[in-house]
Amino acid sequence: MNGYAGKILRVDLTDEKIEKQPLPAKLAEDFIGGRGFVAKTLFDELPSNTDPLGPENLFIVASGPLSGQFLPASGKTHFGCKSPATGGYGDSNMGGHFGPALKYAGYDMLILTGRAASPSMLVIEDNLISIKPAGTFWGMGSLSLETRLKEEMGEDFQILTIGPAGENLVKYACITHDFGRQAGRVGIGAVLGSKNIKAIAVKGTGSIPVDDPKALLEEGKRAYRDVRAKPGFNGWTPEGTAGITDWINRVGAFPTKNFQTSYWDQHTKINGAAILRELKITDKGCYCCPTPCGKYGKAKTGLGEVYVEGPEFETISLLGSNCLIGEISEIAYANYICDELGLDTISAGVVCSWAIECYEKGLVDREAIGKDVNFGDLASVVHLLECIARREGVGELLADGVKLAAQKIGHGSDAFAIHVKGLEWSGYECRNAPGMMLAYMTSDIGAHHARAWVLGHDLAGSSGSVHDLIVSEASSEKLPKSEVTGRAAKVIESQHLRPLFDLLGICRLQFMELGFEVEHYERLYEVVTGKRMTWDEMLSVSEKVWQLTRSISAREITGFGRRWDYPPERFMTEPVPDGPNRGHCISREEVDILLDEYYAMRGWDPNGIPTVTTLRRFGLDDAADSMAGWACFQEA
Ligand code: SF4
């Protein structure tokens, strides 16, 4: 099958049973790859009522047809599971080199089930698959272990690791690869930890069949040339995602002090320019990437000196402004601690800022929290991160995320627990950006920006690339008055567009940030697979996958529906106190208007559940047939 390695590798860790199966052609035709494979496999194979941290949960790795090809930024890999953070559909993607290596070893997908009897690692060397003892590595940091495994096994192996957070089943534990690339969200690292797997190493020496190698070479060269010729290439690439920091602050979307406000006058100390000035040693990119957004550097702080990749924008936002850490070196240090412990920097930043606010408000005392913790204090943040990863002291409470922690603490602390569905909110404050608010509310994994990003449209009326926004002074001059009606169409369009790259197995940033044209992807798909699929046809597959992921959450979460889509109370009751969006918040009535419009356009019922008619329209007959038994219809 052109474009695919052609096999699925299944490992049952309980029985140590290893199976290699042909990749079904119909799966590739109907779901393309990556996120599509994850969603379809979870829908078909996840046993009902599975504990996300129990042996029955699936841990899935999947690449797409463009992964591992001679194309710009073709190193994306998708991970999936039932999410420990939300209890519903979960996926997370990662750059680096792992997905291509897995394909070269012969596998488009890896599916782990069961639980190893003792700490183990999985080694894939082409046809040779082994489960090896990893007890001596248990407790090691992610970065340290990757260094050691590379030394012991050789540079040719691509390595995934979990840190202590994954071992201790922290619900926002991540997977780390290539010394700083993470599959960060939904607690995927905890799922690997629950399976007693500390690391996965893969070495592949095979090749991937393509339909027209000569045309691929030509198209690939043309794609590299065209990316490099984009006006944003020399503007966006040097700072990477951190380059957006000033614009985000200018339009009043910069999460600050646990989302109490959305503007911070210290932003120039922690922006992309600060990274170049104070940290950066070299650029660092993923497989075949012409626009390396990783910035590898050295951070010196009062707590120590570290080498680290990052911080990228999300980390600047959540471990930086949201915790009032106003030195880029200190944010980079906290970033390093998260990477070594195996914590998602987004969720970890939100949890730390919530805990500090609880402490300030007297809801958690000094004895419980272990020390004075304050906004703006790196030592406070590091203390909390260490406690969380090891579930020590207050870490036992915080390791389950802000939603559950707030339920335990009570006293109104849920009002400022910033999450949707149990997944902590990522880097954009949007009380004056109803479209972006709706995107967070309806993201299929919980509050995450990567599923749809319409902030430029909301706050600057722009549909251009991120680079266009950054360089456009005009876009910051006046903010449009927020209107909640008419937002759903743009959000839905973005929810099909962005995840499409996760089906193809390629980075979206060249398209999103630089405006790299869709015609390239149509043509590349054709020369790789030998099949023609228009961009609109690909988008319709992405739409089908969206219906399926919503169905999985509706099937898995008792009482799932509209109330799971509400934003945090803070956004509905506390107007932004300062900055460009001063005075703005969104009312519950406006939230309901947003949801009504969105559900109707999606073909869902007023509670946000896909209807039988809608599911059948997308050929999801299995989902339509099983609806009556879904957990969403049970009393919560
Ligand atoms: Fe990786 Fe960044 Fe390049 Fe995308 S733009 S492939 S995330 S280095």
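For the reader, a short list of remarks on this structure follows.
- For the stretch 299-447, lysine pairs separated by 8 or more sequence positions, or belonging to different chains, with Cα-Cα distances below 19 Å total 5.
- For GluC sites (Glu not before Pro), the sites in the stretch 150-243 that DSSP calls loop and that have at most 11 other Cβ atoms within 10 Å are Glu155.
- Partners of Lys298 within straight-line reach, counting lysines whose Cα lies under 18 Å from its Cα and excluding those fewer than 8 residues away in the same chain: Lys269, Lys280, Lys284.
- Listed residues Leu615, Pro577, Ile557: farthest to the positive end of the dipole of the chain (Cβ charges): Leu615
- Neighbour cut-off at most 14 other Cβ (10 Å), DSSP loop, GluC sites (Glu not before Pro), the stretch 15-64: Glu16
- Formal net charge of residues neighbouring Glu526 (Cβ-Cβ distance under 10 Å; K, R +1; D, E -1): -1
- For the stretch 590-636, the set of GluC sites (Glu not before Pro) satisfying both a DSSP loop assignment and a count of at most 15 other C-beta atoms within 10 Å is given as Glu635.
- Residue by residue, the stretch 613-624 carries 3J(HN,Hα) couplings of 4, 4, 4, 5, 4, 9, x, 8, 5, 4, 5, 4 Hz when phi is fed to the Karplus relation 6.51 cos²θ - 1.76 cosθ + 1.60 (θ = phi - 60°); x denotes Gly or Pro.
- Binning all Cα-Cα separations of the stretch 377-468 at 5 Å, short to long from zero, yields these whole-percent fractions: 3, 13, 17, 18, 17, 13, 10, 7, 3, 0.
- Rounded is the label for the stretch 72-170, because the ratio a/c of its alpha-carbon gyration tensor axes (a ≥ b ≥ c) stays below 1.5.
- Within the chain, longest stretch clear of exposed trypsin sites (Lys or Arg not before Pro) (DSSP loop, no more than 11 other Cβ within 10 Å): 1-477
- The distance linking the stretch 265-337 with the stretch 566-631 is 35 Å (Cα centroid to Cα centroid, whole angstrom).
- Stokes-Einstein diffusion for the chain at 25 °C, viscosity 0.890 mPa s, with a Kirkwood radius from C-alpha pairs, works out to 101 µm²/s.
- Placed amide H near Lys82: partners under 5 Å, 5+ positions off or other chain: Leu58
- Options Ala355, Ala450, Ala628, ranked by Cα towards positive dipole end of the chain, top entry (Cβ charges): Ala450
- Only helical runs count toward this figure. For the chain, summing -39,500 (n - 2.57) over DSSP H runs of n ≥ 4 and dividing by all residues gives -11500 deg cm²/dmol at 222 nm.
- DSSP finds beta bridges in the stretch 57-202, and of those with both partners inside it, around 85 percent are antiparallel.
- When all alpha carbon pairs of the stretch 508-591 are counted in 5 Å bins from zero, the resulting P(r) reads 3, 11, 11, 11, 11, 12, 14, 14, 8, 4, 2, 0 %.
- Taking the Cα centre of the chain as reference, the dipole from Cβ charges on Lys and Arg (+1) and Asp and Glu (-1) amounts to some 480 debye.
- Rounded if a/c under 1.5, otherwise prolate or oblate - the stretch 574-618, Cα gyration tensor axes: prolate
- Legend: distances between Cα atoms for Lys221/Lys544; Lys103/Lys531; Lys295/Lys490; pairs beyond 23 Å are Lys221/Lys544; Lys295/Lys490.
Read-outs: derived from the displayed coordinates by stated rules, not from any lab. As the structure is a computational prediction, the values presented were derived from the model and not from experiment. When we count neighbours, we look across all protein chains shown, and the Cβ atoms used for this are built from the backbone with ideal geometry, even at glycine.
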